[in-house]
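**Student:** Pasting a structure here, questions to come.
The values are calculated or read from the model by the stated rules, or taken from the named source; none is laboratory data. What you see is a predicted model, and the numbers here were worked out from it, not measured in a lab. Methodologically, a virtual Cβ is constructed for each residue, glycine included, from the backbone with ideal geometry; neighbour enumeration extends over all protein chains shown.
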Amino acid sequence: MAPTALPNQRSLFDIPQDVAYLNCAYMSPLLHRAINAGIGGMRFKGQPWAITPADFFSDVEIVRGLAAIIIGCDANDISLVPATSYGIATAMQNLSFATDQEILVLEEQFPSNVYGWMELARRSGVKLKTVARPADGDWTQTILNAINSKTALAALPHCHWTDGGLIDLELVSASLRKYDAALVVDATQSLGAMPLDINRIQPDFLVASCYKWLLGPYSTGILYVAPKHQNGQPIEPGWANRAGSDNFTALVSYTDEYQAGARRFDMGERSNFALLPPMIVGFQQIIDWGIESIQKTITGMTDIIASRAVENGLKVGNRSHRAGHFLGVRLPGGVPSNLTVELAKQNVFVSVRGDSVRITPHLYNNSDDVDRLFEFLAPHL
């Protein structure tokens, strides 16, 4: 079934009518129901005598199952993590390289998917190779040109966090496999808003923080671990992910055996009674809307914004080289240092990343928001 454009969903969020929040890539607002679910979770924790050992596991597994639906994998492939950097550290722990090999990252890539590899390069001797931003905006071909027999790993996003520059991970993955090289994906700026086919991409690890396009709270993330790595070494020697950990009376019967699949990589204290309920609400809402329909709807908005930007003399990248839910525009004279502060005074919220004004709407935005953006952007052009 072909995806359909969705009606406006602003009523599901706490966004005043005079606020043009075009900044989902910074942080999404929470759904009303997610806020209430989080409050309910805090109240639940407020009466610990009602909390049973089973409660430490039930919401964890619901989140894991919903994440698997969003990614398109088995629930056993999902680990719960607190941040993208945690997922990257897990990947680092379970991949090995020769000193004459190279790790590919992108110029101006988000630091969570760079710092860990920088550290690994320092201590192991492997070379970190930065792929320069392409003048024509075609990241995919530029990455393909950089892959060779020395490539051990490509650590990449699905789209660039500054302006939504798109990477065709299926093509990149196919090229990497020719050299038996690994792929680690930071999908924070795409998962929940842009479809992906995990079976065609075949990443070794894929991680996403949940507080952006997954409509979740801060300090939450999900990590996909390919089956071939699921017997690996977690970065925390915790107890809750061990076999038999649901039997609290036998916790001192220490075991080296973990629960099935990627659960061994779960963070400590994953049973967060305040954060898991809003994650469940956000994930379920995304599934109900359908990621293909989300992408189609937001793409319609960014195309309108891009057209108006060009009419106002702004530079917009090639449509075929950016993700549909993302837009980076460049001002003729550069971005004024106080632009976001001045726009915020008018209740217009965007980000500046690099030399781009990053505009990232969602289903809660409407034509009034777009009008407001250009009305108050005009004095800065």
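**Student:** Please go through the stretch 168-180 and give me each residue that is in contact with a Leu (Cβ under 6 Å, 6 or more places away or on another chain) and of a type in the set (A, V, I, L, M), ordered by number.
**Tutor:** Listed by number, the list holds a single entry, Leu176.
**Student:** Further question on the same structure: Yes or no: the stretch 220-241 includes at least one residue that is farther than 25 Å from Gln93 by Cβ and outside the structural domain of Arg353 (by TED's automatic domain parsing).
**Tutor:** No, the stretch 220-241 contains no residue that is farther than 25 Å from Gln93 by Cβ and outside the structural domain of Arg353 (by TED's automatic domain parsing).
**Student:** Starting from the stretch 252-269, keep only residues that are in the same structural domain as Pro234 (by TED's automatic domain parsing), then list their pairs with residues that are of a type in the set (Val, Ile, Thr) whose Cβ atoms are within a distance under 7 Å, requiring at least 6 positions of separation or different chains.
**Tutor:** The qualifying pairs are Ala262/Ile78; Ala262/Val225; Phe265/Thr90; Phe265/Val225; Met267/Val81.
**Student:** Looking for whichever is buried (at least 19 other Cβ atoms within 10 Å of the Cβ) and farther than 30 Å from Val114 by Cβ here; the options are Ala37, Ala2, Ala54. Which one fits? Reasoning before the result, please.
**Tutor:** On the way: Ala2 fails: buried (at least 19 other Cβ atoms within 10 Å of the Cβ); Ala54 fails: buried (at least 19 other Cβ atoms within 10 Å of the Cβ).
Going through Ala37, Ala2, Ala54 in turn, the sole match is Ala37.
**Student:** Of the numbered conditions (1) modelled with pLDDT of 95 or more; (2) farther than 30 Å from Asn241 by Cα, Ala2 fails exactly one; give the number of that condition.
**Tutor:** (1)
**Student:** Are any residues in the stretch 90-101 crowded, with 20+ Cβ neighbours inside 10 Å and either among the charged types (D, E, K, R) or closer than 25 Å to Phe56 by Cα (or both), and if so, which ones?
**Tutor:** Thr90
**Student:** Continuing with this model, one more query. Just to check your reading of the model, which residue among Ile286, Ile280, Ile305, Ile298 is part of a helix (DSSP H, G or I) and touching an Asp or Glu at 6+ places or on another chain (Cβ under 9 Å)?
**Tutor:** Just one listed residue meets the conditions, Ile280.
**Student:** Does any residue of the stretch 309-327 turn out to be among the acidic types (Asp, Glu), under 25 Å from His158 (Cβ atoms) and more than 17 Å from the chain's Cα centre (by Cα)?
**Tutor:** no
A quick yes/no check of all residues on (1) closer than 18 Å to Ala2 by Cβ; (2) among the acidic types (Asp, Glu); (3) outside the structural domain of Ile70 (by TED's automatic domain parsing):
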| residue | (1), (2), (3) |
| --- | --- |
| Pro278 | no, no, no |
| Gly282 | no, no, no |
| Thr297 | yes, no, yes |
| Met301 | no, no, yes |
| Ser307 | no, no, yes |
| Val316 | no, no, yes |
| Ser320 | no, no, yes |
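**Student:** Which residues, taken from the stretch 188-213, are crowded, with 24+ Cβ neighbours inside 10 Å, within 14 Å of Ala68 (Cα to Cα) and not β-branched (Val, Ile, Thr)?
**Tutor:** Leu191, Gly192, Phe205, Leu206, Ala208, Cys210
Yes/no matrix, rows are residues, columns are (1) within 30 Å of Met42 (Cβ to Cβ); (2) without any contact (Cβ under 8 Å) to a residue 40 or more places away in the chain; (3) surrounded by fewer than 21 Cβ atoms within 10 Å (Cβ to Cβ):
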position	(1), (2), (3)
Pro277	yes, no, no
Ser293	no, no, yes
Leu327	no, no, no
Pro332	no, no, yes
Val348	no, no, no
Gly354	no, no, yes
Pro361	no, no, no
Glu375	no, yes, yes
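**Student:** Collect the residues in the stretch 14-39 that are acidic (Asp, Glu) and free of Cβ contacts under 8 Å to residues at least 24 places away in the same chain, keeping them in residue-number order. Please lay out each step first, then the result.
**Tutor:** Going through the stretch 14-39, the residues acidic (Asp, Glu) turn out to be 14, 18.
Once the filter is applied, which keeps residues that are acidic (Asp, Glu) and free of Cβ contacts under 8 Å to residues at least 24 places away in the same chain, the stretch 14-39 yields only Asp14.
**Student:** For the stretch 308-361, which residues satisfy the criterion of being assigned to a strand (DSSP E or B) and either over 19 Å from Asp136 (Cβ atoms) or of a type in the set (Gly, Ala, Ser) (or both)?
**Tutor:** Result: Gly328, Val348, Phe349, Ser351, Val352, Arg353, Ser356, Val357, Arg358, Ile359, Thr360.
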